[in-house]
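J.: My structure is below; once you've seen it, I'll send some questions.
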Amino acid sequence: MLERFFQLRRHGTTVRTEVLAGVTTFLTMAYIIFVQPAVLSGSYFGKANIQTGLDFGAVTTATCLAAALATAIMALLARYPIGQAPGMGENFVFVLSVLPAADTMLQTQGLAGTTTPWQVGLGVVFIAGLLFLALSLFGIREVLLDAISPSMRNAIAIGIGLFIAFLGLEGAGLVHGNAPPAPPVTLDPHFNSPDLIVFFFGLFLTGILFARRVRGAIVLGILGATLLAVGLRFGLPLLPEGISQSALVTNSKLMTQFQVADHAVSRPPSLAPTLLKMDLVHALSWQMVPFILIFLFMDVFDTLGTLVGVSEQAGLIEDGKLPRAKQAFVSDAVGTVAGAAMGTSTVTSFIESAAGVEQGGRTGLTALVVSGLFLLALFFSPVIAMIGSYPAVTAPALVVVGSMMIRNVTKIDWSNYAESLPCFLIILGIPLTYSIPDGLGLGLIAYPIIKLATGQGRQVKWPMYILAVVMVAYFICVRARLH
């Protein structure tokens, strides 16, 4: 049945490979299960003490259910190996931009006490999700996808690969940002810190297994790094005081953040505090309309970039087009609508899906495994927390995947500068702007302009001109509002 439905042999894969790929993708994106409720509840911000009013446990359940639903639709309708969940970036916009604006709106209209900012915010996400769904059902996003040239599709894959690798290096603590006048990013030279020891062990183990073509290399690397982290967590305090009480040890994420699970199974938190609590009426007020557009633009281009990049990496592009693109776009739209109704922010395709693709995942069976694991995570949250909440364990997988995605650079038409310069802007823009839609926007604006100026305008499909105008408007009228 699995063979007939997912056409495993046609895609050169097996059930075992797809399951391993699904586990790999899930492990690399499982952090969202813990980051999302921390951000939306305000606990993530620590000293900032942001009180959003959203219940941590309810958001956790909503996150897992929305991710499982959207990914299952991706698996069964689009049949692509792509996991979906509430997106990073959108969640910060929700807390740091939407909720303050909603609070101000309610205060000025004398509505404080009749509803809450978080209810208005969920209403904004719900309405944006309906717009995503309309764009998907009418095939508008599919038209946008088909308009992107092969060189640009590969550039997106490369840019995402660099972004993934950078996220891994940053999460492990190998590189970190600085305030001016120091360089924006610098290397942490303390290679003897526990966090970097765990990271390098996982990186080298994964790399060696990959080089020796061992099946499940990424999963084995994650598990190996986890075992080392557990050993260090219990072993370091037993060493002489000069070592165990050093700043490198006591201030490390291993000692301050990593908590070994003391039990494996727990009851899923109740969804009641947030279920169907969105405020649609006040979400449609003129003060909130710009934020509906912000979520619309962010999701369209975030999903577009991720879908193209991961699909190009998996070799799923056929004759320059992505089959069943409409179904793929519908999955995140339905996930967003359902997620807002349950109590979480915008659902989108995850760039971490590239980890599963590199592990061999090629069909929707990979995504189906991811969907099932999100449901299981509700019952095994202590174990998932142990792995997903400590970046040094999963960071090696992101770095390895990023290095593999760079090989698409040979598929770009470097002989045509009108093609290569927009591609270069995307490759550089995605990691440096720390945003897929922002980096993608730089290339989308440059592409038709340079093509027209060099007499190659006929090679540009009409949606690209519209995309360029939309992206200029997005940056000037919408994106600037976030600052």
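J.: Show me the helices (runs of 4 or more DSSP H) found entirely inside region 283-395 where at least 1 residues are within 29 Å of THR206 (Cβ to Cβ), at pLDDT below 85 and not aromatic (Phe, Trp, Tyr).
T.: 289-314, 325-342, 353-358, 381-388
J.: Hey, could you check region 252-281 for residues that are surrounded by 14 or more Cβ atoms within 10 Å (Cβ to Cβ) and of a type in the set (S, T, N, Q) and say which is farthest from PHE34 (Cα to Cα)?
T.: SER252
J.: Would you call ALA21 part of a helix (DSSP H, G or I), within 23 Å of VAL120 (Cα to Cα) and in contact (Cβ under 8 Å) with a residue 12 or more places away in the chain?
T.: Judged against the criteria, ALA21 is not a match.
J.: Now for a different question. For the condition within 26 Å of GLU90 (Cβ to Cβ), assigned to a helix (DSSP H, G or I), out of contact with any Lys or Arg (no Cβ under 8 Å at 6 or more places or on another chain) and modelled with pLDDT of 80 or more, what is the one hit in ALA473, ALA480?
T.: ALA473
J.: Which of the residues belonging to region 413-442 are within 22 Å of ALA165 (Cβ to Cβ), among the small types (Gly, Ala, Ser) and not in a helix (DSSP H, G or I)?
T.: SER435
J.: Is there a residue being outside any helix (DSSP H, G or I) and either touching a strand residue (DSSP E or B) at 6+ places or on another chain (Cβ under 7 Å) or crowded, with 17+ Cβ neighbours inside 10 Å (or both) anywhere in region 443-464?
T.: Yes.
J.: Here is a check on your reading of the model: is ALA62 under 13 Å from LEU40 (Cβ atoms) and either buried (at least 21 other Cβ atoms within 10 Å of the Cβ) or more than 21 Å from the chain's Cα centre (by Cα) (or both)?
T.: Yes: the conditions hold for ALA62.
J.: Among what's in region 400-438 and is under 15 Å from the mean Cα position of the chain (by Cα) and buried (at least 17 other Cβ atoms within 10 Å of the Cβ), pick the residue that is farthest from ALA354 (Cα to Cα).
T.: Going through the qualifying residues, I end up with ASP438.
J.: Among GLY224, GLY235, which is the only one that is small (Gly, Ala, Ser), over 26 Å from the mean Cα position of the chain (by Cα) and part of a helix (DSSP H, G or I)?
T.: Criteria check complete, one pass: GLY235.
J.: Could you tell me whether any residue of region 94-113 is in a helix (DSSP H, G or I), modelled with pLDDT under 90 and either within 14 Å of GLY339 (Cα to Cα) or basic (Lys, Arg) (or both)?
T.: Yes.
J.: For region 46-59, indicate whether the set of residues that are in contact with a Lys or Arg (Cβ under 8 Å, 6 or more places away or on another chain) and at pLDDT 90 or above is non-empty.
T.: Scanning region 46-59 turns up no residue that is in contact with a Lys or Arg (Cβ under 8 Å, 6 or more places away or on another chain) and at pLDDT 90 or above.
J.: Can you tell me which of ALA157, ALA101, ALA172, ALA165 is surrounded by fewer than 23 Cβ atoms within 10 Å (Cβ to Cβ), within 30 Å of VAL400 (Cβ to Cβ) and in contact (Cβ under 8 Å) with a residue 12 or more places away in the chain?
T.: Criteria check complete, one pass: ALA165.
J.: Out of all the residues in region 435-464, which are at pLDDT below 90 and among the aromatic types (Phe, Trp, Tyr)?
T.: Result: TRP462, single match.
J.: Scan the helices (runs of 4 or more DSSP H) fully inside region 136-218 and keep the ones with 2 or more residues being over 24 Å from ILE426 (Cβ atoms) and out of contact with any Leu (no Cβ under 6 Å at 6 or more places or on another chain).
T.: Those helices (runs of 4 or more DSSP H) span 194-211.
J.: Here's another thing I want to ask about it. Based on what the data block shows, is GLY177 surrounded by fewer than 21 Cβ atoms within 10 Å (Cβ to Cβ), among the small types (Gly, Ala, Ser) and under 21 Å from the mean Cα position of the chain (by Cα)?
T.: Taking the combined requirement at face value, the residue satisfies it.
The values are calculated or read from the model by the stated rules, or taken from the named source; none is laboratory data. Fair warning: this is a prediction, and the values are worked out from it, not measured in the lab. We place every Cβ from the backbone using ideal geometry, glycine too, and count neighbours over all the protein chains shown.
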